[in-house]
Amino acid sequence: MKVSAIIPAFNEAERIAAVLAPLTSSPAVDEVIVVDDGSTDATSAEAERFGVRVVRLPENRGKAAAMAAGVEAARGDVLLFLDADLTGLTPSHIVAMVDAYRAGDADVVIGVFCDGRLGTDLSQRIAGFLSGQRVMSRAHWERARGAVEDTEFGIETALTRLAMKEGWRTKKVMLSGVSHIRKEEKRGFWLGFTDRMAMYWDVVRSFFRKL
């Protein structure tokens, strides 16, 4: 079983090291791919500093398209997706997610934040299915391709709906101390708030898309 870690990233030069450092030191991962989704900062250069594979998209196409580009470039038969703005991630978290998948009793493993920041802990406790931290086979990703096209930030919702429809076995792994940087912290309150509303709209649209 070869595990390919895929990190979609847009303007995450200041934050992506906190994800790549534990990933590149983890024995559970065979390759790491960063998909630079049309960034205007030094995201690609920062990723290259860790010696990982970098796929550059010429323009910002959204999270779902970036994930798909990462899968296309990946060599592994098992896919580990991680957000590029995580904080508190350690190699042991990565091992826990991959080992949970290796156990063979789940088709999808979802990493859920806990014991980190109150706001992100609460949101994931309410809607853990929105977590971008997950492990799944390439075969299951291919089954989901039609359901996730053009979903952007609603991709996790689309994947969860398909899993429920087809009866995929799902397992959650608690990621103690892990959180992420909120959009308002990255871009300032108003721009971040606007981005957050756009993300929520993508999630809502994904609930009503035909699978």
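Treating only the Cβ of Lys, Arg, Asp and Glu as charged (+1, +1, -1, -1), what charge dipole size does the range 1-111 show about its Cα centre? Round to the nearest 20 debye. If you can, show how the numbers build up before the last one.
Details: 9 positive and 17 negative charges, 35 e Å.
Result for the range 1-111 is approximately 160 debye, rounded to the nearest 20.
Ellipsoid fit via the Cα gyration tensor, the range 15-77: semi-axes of 19, 15, 9 Å, each the root of five times an eigenvalue, largest first. Probing with 1.4 Å while keeping every protein chain in the model, the per residue accessible area of the range 1-65 equals 42 Å². Taking all protein chains together and rolling a 1.4 Å probe, Met67 ends up with roughly 10 Å² accessible.
The values are calculated or read from the model by the stated rules, or taken from the named source; none is laboratory data. As the structure is a computational prediction, the values presented were derived from the model and not from experiment. So basically every Cβ, Gly included, is an ideal-geometry build from the backbone, and we count neighbours across all protein chains shown. Remember, those area values only see protein heavy atoms, side chains included, never the ligands or the DNA or RNA. Shrake-Rupley method; radii C 1.70, N 1.55, O 1.52, S 1.80 Å.
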